[in-house]
Amino acid sequence: MKRAFERFKDAATGRWAVALPIYLITVPFGAIVAIERESAFNKGFPLSHHVLITTAGYLASFLYLFTMQATVLKNRRIQPQALWKCIFVWYSTGSVQGLASGFYAHQTYGDGWHLAVRVGMPTFYTGSALALIAFYFGSIERRRIEDEALRRLDGLLSIERGELVATDALVRSQAHAALDGQLRPQIEKLQLLLADEDVSDHAAIGALVKRSEEISSALDRQADLILQSRVIRGEEKASDSKPITYLSNIFPNNLSVRISVVVIAFGAITGQLPRNGLAGVIAGTCGALFMGILLLGLSRIVKRMHQTGRVTFLVFSYVVVFLGQALWTYLIPKIGFTLNDPYPPFYSAIKTLYGVYIASIISTLIIETSTRREKSKELSERTLGDLTYLAREQEILEHHLFTTRFGTLQGKISGAIMALRLLDSAAKSSEFAQKREFLLSEAEKLLNDALIEIQELGALSAK
Amino acid sequence: MLSVRSNLVIKEIRLILDSLPDIWTSWKSFFWTYPFSLIGVLLLSSVEYKTFEEFLTWVLIATLSHLAMAPFILYGQARNGVGIQIFLVLLMGITRGAVIAILAPIFGVVDSMSFLFRVTNSAVAVFYWFQVGSILIHFMFNFRKDVKKLIEESILTETQLRNIEPDVSSKMLLTRISELQQNIVRTLEGKPTVEKLQLRAADIDRLIKEHLRPLSHSEWREGELIWVRAGFGRMSLTTLKRHPIPLWGIVALTLPFSLVGQFARYGGLETLVIQSLWILLAVVAWLTTNKFIRVVDGNFQRRNILLIFSTIFFIGPLTFYAQLFWPNNQFTLGNILTGQVLSSISFALFCLITSLTFSLRADEKSVFRAISEQIRERDLQRYIDLGVKSNAEAEYAQYLHAEVQSQLLACKLLLLKAAEEDFKLFPPEVTQQILDRLEKIKEPYTRPPARLPSQRLAELANSWRGLAEIEYELAPEIDDVAAPLDVISQLIEESVVNAIRHGKAKKIEVKGNFVNGIFNFEISDDGVSDLVSGGKGLGTILFQTFASDWTVKRVGNQTIATFKVMKKVSPV
C-alpha cells in the first residue's frame, strides 16, 4: 500500500501534476455530465442555457487551473511538488467550476445556487480526473524520460567505446610488435646457442632446450591471444528511434482492462450519484465489473492476435464494448436495481466507449514506453559492459607492454643467453668449468621464471 | 488534366504549409489582432445598437473575450511546432467565442449568433488572424535572427553553397559583405590580437543589425529587396508582380473552415450549394484570367489583380444573389451583405498575404544564398581558427571546447549514476534537466584524455592561462586508480570554472587530501562568486549527486568552496 502511494506521489507531483492539453481529454465526459446535471435542476430551460452555464464553469476553472499551475505549481518542471499542494489545486479546480456555474446560473437566469451538487460533484470529478491524469501521464512521462536518458547515455558511452576500440587496436598492435620485435629474437638467439651445445653431454642442456621450446610456443600462444579480442559490436542503435508521442497512439494497439474498469467506475459514480443516488452508484459499479470481465476476455484474444488481424479485432471489440454496456444499462431494472432516472442504453454505451478508448490509449502508451525503456536499458548495459571490458583489457595490455619492453622478462632471457655464452667460455677456460653446473641450473631457473611470466600474461589476457 | 490540377493543388498546399512559422501564438500577434477582434464582434454581434451604452457594452465584451486568449499566448509561446500551435489557436478561438456568448447575458445584451455559431465563427476567425499575423511577424522580426544563425552555421559547419548566382536584388548587401570580408582578410594578414578579432566579430553583428533589418531601417527604402519598399500598398503590388496567387492551395486549405463556419450559420444544403457555386465560379475566373492575360517577363501583376477583382466583383455578387433568393432564408439583406463583404475582403487579404509570404520567402532565400556565396569557403572558419590558435588561453577557446566538453562529461556522469540506481536517485524532472542540457549542446562528445585529477587540473590551468591563475596541491592518493577519478576531476573542474565564470576570479587554489576513506577538497579564489549551493543548475545537481558534503562561503576577500567525496561514491 505504502509502495503504491509512493508510486502515485512520484508520478503525480512532478511535471504532470498539471498538464493542460491532456486535461482536455476529461472535458467531454465532464461537460456532458455537467449538462445532464444542469438539465435536472431546471427542466424548463432550453439546452443552450445549460450549455452556457456549464461553459461558464469550465472557462472559470480553466483560468483558475492556468493561474495555479503558473503560480502554486510553477516549479513542477524542476522538482516534485508537495502532495498537498497538488491535491489542493486538483480539487479546488472542480470547486471553482461548480461555483462559477452556480454564480452564472443564478446571476443570468435567476436559477437557484444548488451548491451542494453544483460544487460537490465537479470537485469530486475534476479533482479525481486531474489526479488520475497526473498519475498515469506522470508514469508514462517518467518512462519516456528514462528511455531518453538511457538512449542519450548509450550515445555518449558508444562514443567512448569507439575511442577505446581504436586505442585497443593500437595497444594490441604495439604489444604484438613488442613480442615479435623484442622477445622473439631473444628466444631465437637462445635456441641458436643451444643448437651448438651437445644435448647428450648433459641432461641440464636438454632441459634448457625443452624450456626454450616451451617458451617459444608460449610466445606463439601469447601472440595469438593478443590478436584475439572479444568482438565488440559496432554502433548499435535502438530498434525503434521514432519518439512515442501521445498522438502516435491515437489508435491504441491494446485493450485496457484495469484502467478501463477504473474509468468506468469513476464515470458511474460521477454520473449516477446526483442522478440516482447510491443505488445508481452500485448499479454503475456492478456495470464496471461486468465490463471488466468482458474486456478481460477481449483483451486476451487481442494479445494473441497478429498485427494484421489485430486492428480488425480491436474495432470489433469496441463494437462489443458498446453493445455490452448498452445491454447492461438495459438490463439494470430487470435484474433488480430500481433507478429513478436511468440512462438511455445507447447514450450510456457511448460514454463507456469513450472511457475505454481513453483508457486503452493510456494503457498502450504505458506498455510501449515500458518496453522501449527496457530495450534501451539492455542496450546501455551492454555498452557499459563493453566499456568495462575494453578498459580492463587496455590495462592488461599496457601491463603486458611494460613487462615485455622494460620488465624482467627480457632480463631473464638475456640472463639465460649470458649463461650459455659463459658455458662456451667454460669449455675454453678452467675458471668457468667449475661453475658449469651452477650456470646451467641458473639458466634453467631463469628460463623457468620467464616461462611462468609469459604464461601469467597469457592467463591475464585470456580472462 | 485532373492529375495535373491535383498536383498543382498539392504543390500549392505544400508551399503554404512550408511557409508557416513554428510559433503562431505571440504577444505581437495578440495585440495586432485586437482591432480585428473588436471590429468582428461589433459588426456581427448585434443587428442594431439601440443605445450608445449597448455599443460600449459590446466593446467591453470584445475586449474581455480577446483578453481571455492571453493565457494561451503565455502557454504557447514556448511551444514550438505547427501541430500544437494550430491546436492552441483553435482553442483560443473557441474560448474567445465562448466568453462572448457567456458575457452577453451577464451584461444584459443579446448576441445575434447562437452559441455554436459564435464559437465556430470565433475559432475560424482567430485561426486565420493568428496564421496571417504569425507569418508577417516571422518575416518582420525573425529574419535577422535567421541570418545570424546562417552565418554561425556557415562558420561552424563549413557550409559550402557554390555556383549560386546571387540575386540582383541583394546588390547592396553584397557590397557590405565584401567590405566585411576585406576587413577580415586585412586583420588576418597581420598578427591579430583578441581586440582586433573581437572588432571583426562585432562587424558581423553590425552587418546583420544595420543591413538585414526588414521594414525598419531607412536605408532599406533605397534598396531593392521587397520589404524595404515600406508601405503596404507598394509592397503588395510588388508581391503580386512576382508570384502567381496560389489560388487552389488557398481554396483547399480554407475550405474546411469555410464549411464549418457556414454550416453553423446557414445549414448543410445551403452551404454545399453556395460553396460549390463559389468554387465553380473561381475555376471559371482562374481559367479566364490564365487564358486572356499573358505573363510578360515573369510579371504576374495584371493576372493576379484581375483574379482578385473577379473574386470581389463577380463571384461575390453572384453568390450574394444566390443566398438572397435562397428559399426559407432567415437572414436579412444586411446580414448577408455583411457576411459577403467580410468573406470577400478576407479572401482577397488571404491571397495577398500568401503571395507576400511566398515572395518574402523567395527573397529571404536569395539573401541567404548571397551571403553563403560571399562568405568564401572557410574564410570565416580560418578567421576563427586563427583567433583561437593565437589566443589559446583565451575565454573563447575554453568556451568553445573545454567548457562544453566538461558539461557533456558532467551529463554523462549524472546519467550513468542515475541509470545505475535505476533512476531512483533523482526525480524525472532532474533527469529531464540533464537531457535538456544535452539537447542544447550541439558539439559532439569526446572522452577526456586525462582521467587523473592532477592531470585534469594541469589541463585546466593551461586552458585558463591568461585569464586566471590556477594552483593546486593534491595528495597522491587522489590519483589512485581505486578512487572515483572522473567524479573528483569533474567536481574540481566545476568549482574552478564556476569561480572564473561567475565569480570573475583571477587566482584559484585547489587543495585536496585523503583522510579515513574520504577525499576532502577546498577551492579558494579571489572572486565574488554567488553561493552556488542555492542554484538549480547542472552544477548543483552534480554536487548533490556526488559530493557527500559541500559548501560555498565567503571568508574575508575570498570565496571558499569545499566538498567531500567518499571513496566508494561511484564506480563510474
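The values are calculated or read from the model by the stated rules, or taken from the named source; none is laboratory data. These numbers come from a predicted model, not from an experiment. We place every Cβ from the backbone using ideal geometry, glycine too, and count neighbours over all the protein chains shown.
Quick one: would you say A:VAL356 is without any contact (Cβ under 8 Å) to a residue 60 or more places away in the chain, part of a helix (DSSP H, G or I) and not small (Gly, Ala, Ser)? The answer is no for A:VAL356. Every condition in (1) surrounded by fewer than 16 Cβ atoms within 10 Å (Cβ to Cβ); (2) at pLDDT below 85 holds for B:ARG456 except the one numbered (1).
Filtering region B:460-482 to residues that are under 16 Å from B:GLY527 (Cα atoms) and at pLDDT 85 or above leaves B:GLU469, B:ILE470, B:GLU471.
Listed conditions (1) crowded, with 19+ Cβ neighbours inside 10 Å; (2) at pLDDT below 90; (3) within 10 Å of chain A (Cβ to nearest Cβ) are all met by B:GLN85, apart from (3).
Output the number of residues of region B:110-133 satisfying the condition of being more than 10 Å from chain A (Cβ to nearest Cβ) and without any contact (Cβ under 8 Å) to a residue 24 or more places away in the chain. Result for region B:110-133: 1. Selection of first residues in region B:60-77 that are small (Gly, Ala, Ser) and of second residues that are modelled with pLDDT under 95 and outside any helix (DSSP H, G or I), restricted to Cβ pairs under 6 Å at least 6 apart or on distinct chains, gives the following pairs, ordered by first then second residue: B:GLY76/B:THR25. The helices (runs of 4 or more DSSP H) falling completely within region B:265-347 that include 1 or more residues that are in contact with a Pro (Cβ under 7 Å, 6 or more places away or on another chain) and in contact (Cβ under 8 Å) with a residue 12 or more places away in the chain map to B:301-310. Scanning region A:296-307 for residues that are touching a residue at least 12 places away in the same chain (Cβ under 8 Å) and either among the polar types (S, T, N, Q) or not in a helix (DSSP H, G or I) (or both) yields a total of 1. The residue that is nearest to the other protein chains (Cβ to nearest Cβ), counting only those in region A:160-190 that are in contact with a helix residue (DSSP H, G or I) (Cβ under 9 Å, 6 or more places away or on another chain) and over 30 Å from A:ARG211 (Cα atoms), is A:GLU160.
None of A:ILE293, A:ILE259, A:ILE269, A:ILE264 is of a type in the set (A, V, I, L, M), free of Cβ contacts under 8 Å to residues at least 12 places away in the same chain and in a helix (DSSP H, G or I) except A:ILE293.
Of all residues in region A:100-113, those satisfying the criterion of being over 12 Å from A:LEU52 (Cβ atoms) and touching a helix residue (DSSP H, G or I) at 6+ places or on another chain (Cβ under 6 Å) are A:GLY102, A:TRP113. Per the conditions (1) surrounded by 22 or more Cβ atoms within 10 Å (Cβ to Cβ); (2) out of contact with any Ser or Thr (no Cβ under 8 Å at 6 or more places or on another chain); (3) small (Gly, Ala, Ser), the sole criterion not satisfied by A:ALA134 is (2).
Selection of region A:94-119 for residues being more than 14 Å from chain B (Cβ to nearest Cβ) and under 24 Å from A:LEU73 (Cα atoms) yields A:GLY94, A:SER95, A:VAL96, A:GLY98, A:LEU99, A:VAL119.
Applying the criterion of being of a type outside the set (A, V, I, L, M) and outside any helix (DSSP H, G or I) to the residues of region B:51-77, the residue that is farthest from the other protein chains (Cβ to nearest Cβ) is B:THR51. Tallying residues that are of a type in the set (Gly, Ala, Ser), more than 9 Å from chain B (Cβ to nearest Cβ) and buried (at least 19 other Cβ atoms within 10 Å of the Cβ) within region A:42-89 yields 3.
If you scan region B:1-54, which residues turn out to be over 30 Å from B:PHE117 (Cβ atoms) and either at pLDDT 80 or above or of a type in the set (S, T, N, Q) (or both)? Residues satisfying the conditions are B:SER3, B:SER6, B:ASN7, B:SER19. B:GLU509 meets the conditions (1) at pLDDT 80 or above; (2) of a type in the set (Asp, Glu); (3) under 26 Å from B:LEU438 (Cβ atoms) in every case but one. The failed one is (3). Please work out if B:THR254 is assigned to a helix (DSSP H, G or I) and at pLDDT 80 or above. Spelling it out, it is not the case that B:THR254 is assigned to a helix (DSSP H, G or I) and at pLDDT 80 or above.
Against the numbered list (1) surrounded by fewer than 14 Cβ atoms within 10 Å (Cβ to Cβ); (2) over 14 Å from A:LEU295 (Cα atoms); (3) of a type in the set (A, V, I, L, M), A:VAL319 comes up short only at (2).
Among all positions in region B:443-450, there is no residue which is out of contact with any His (no Cβ under 7 Å at 6 or more places or on another chain), within 11 Å of another protein chain (Cβ to nearest Cβ) and modelled with pLDDT of 80 or more. Hey, could you check region A:120-149 for residues that are in contact with a Gly (Cβ under 9 Å, 6 or more places away or on another chain) and polar (S, T, N, Q) and say which is farthest from the other protein chains (Cβ to nearest Cβ)? The qualifying residue farthest from the other protein chains (Cβ to nearest Cβ) is A:SER128. For B:PHE107, the conditions (1) within 11 Å of chain A (Cβ to nearest Cβ); (2) free of Cβ contacts under 8 Å to residues at least 60 places away in the same chain; (3) in contact with a Lys or Arg (Cβ under 8 Å, 6 or more places away or on another chain) all hold with the exception of (3).
Conditions tested, residue by residue: (1) within 14 Å of chain B (Cβ to nearest Cβ); (2) touching a His at 6+ places or on another chain (Cβ under 8 Å); (3) surrounded by fewer than 20 Cβ atoms within 10 Å (Cβ to Cβ); (4) over 26 Å from A:ASN340 (Cβ atoms).
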residue	(1), (2), (3), (4)
A:TYR246	yes, no, yes, yes
A:PHE251	no, no, yes, yes
A:ALA265	no, no, no, no
A:THR270	no, no, no, no
A:ILE282	no, no, yes, no
A:LEU296	no, no, yes, yes
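Across region B:480-508, the number of residues qualifying as free of Cβ contacts under 8 Å to residues at least 60 places away in the same chain and over 21 Å from B:LEU542 (Cβ atoms) comes to 5. Which residue is farthest from the chain's Cα centre (by Cα), if the candidates are limited to region A:4-19 and must be more than 19 Å from A:ASN249 (Cα to Cα) and either facing chain B (nearest Cβ under 9 Å) or surrounded by 18 or more Cβ atoms within 10 Å (Cβ to Cβ) (or both)? This residue is A:VAL18. Here A:ARG161 fulfils each of the conditions (1) of a type outside the set (A, V, I, L, M, F, W, C); (2) buried (at least 23 other Cβ atoms within 10 Å of the Cβ); (3) within 16 Å of the chain's Cα centre (by Cα) apart from (3). Have a look at A:PHE62, A:PHE45, A:PHE29 and point out the one that is touching a residue at least 60 places away in the same chain (Cβ under 8 Å), within 37 Å of the chain's Cα centre (by Cα) and within 21 Å of A:LEU115 (Cα to Cα). The conditions single out A:PHE29.
Considering only region A:137-181, state which residues are over 24 Å from B:GLU420 (Cα atoms), in contact with an Asp or Glu (Cβ under 9 Å, 6 or more places away or on another chain) and of a type in the set (A, V, I, L, M, F, W, C). Hits for region A:137-181 are A:VAL171, A:ALA175.
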